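Worksheet: the structure to be examined is printed underneath.
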Amino acid sequence: MLTPEKMWWKPLGRLEKNWLLIAFIWCIALTAMMPIWFFFGRQNVPATTFRTNPEQFKSKVEAFVAQYQVGEETVNGVQVPVVAPPAGDVFMWARQWQWYPILQLQKGETYRVHVSSLDVQHGFSIQPVNLNFQILPGYDYVITLTPTTSGEFTLVCNEYCLIGHHTMVGRILVTDN
């Protein structure tokens, strides 16, 4: 029985050496760019994270809704309140398969959006601007947002959260001053 010739101990050819050198230089360049993009890039959304527990966060959201509710809308057969808070801290939760409440924000105002999950991991994705965050239970994610355009923005869960995941859609409404 013939075995193929073993090549691993033979020296590298000129083209292999060149491609390895190019790949190594490219890896070093991309590694060097990571801190540069972090400090000088404009793509980093200002967000902070705090520990919380689901019961405390749920009571904060319910108090927030009771104070600023301006209406209700039906989403997937469930009544969801619409809240119109002033600039500052706003609260919303994620739970299987719902974003709660619907936020009505004003264009040009700065908001600190507090988001937490009450049950499992969720993805917080604002479309069509494609802002993405991972939301975990036990953490309060505070995202600083200043809407620059008015309109309706869709919240999509982009982390699989079991069987009703595809129905988990929320909204942020941005109005002119």
State yes or no: is residue 35 out of contact with any Lys or Arg (no Cβ under 6 Å at 6 or more places or on another chain) and exposed (fewer than 11 other Cβ atoms within 10 Å of the Cβ)? yes
Filter segment 120-168 down to the residues that are part of a strand (DSSP E or B) and hydroxyl-bearing (Ser, Thr, Tyr), then identify the one that is surrounded by the most Cβ atoms within 10 Å (Cβ to Cβ). 141
Residue count for segment 100-119, restricted to those that are open to solvent by less than 10 Å² (accessible area, probe 1.4 Å) and not β-branched (Val, Ile, Thr): 6
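The values are calculated or read from the model by the stated rules, or taken from the named source; none is laboratory data. Since the model is a prediction, treat every value here as computed from it, not as a measurement. We place every Cβ from the backbone using ideal geometry, glycine too, and count neighbours over all the protein chains shown. Accessible surface areas use protein heavy atoms only, side chains included; no ligands, DNA or RNA. Shrake-Rupley method; radii C 1.70, N 1.55, O 1.52, S 1.80 Å.
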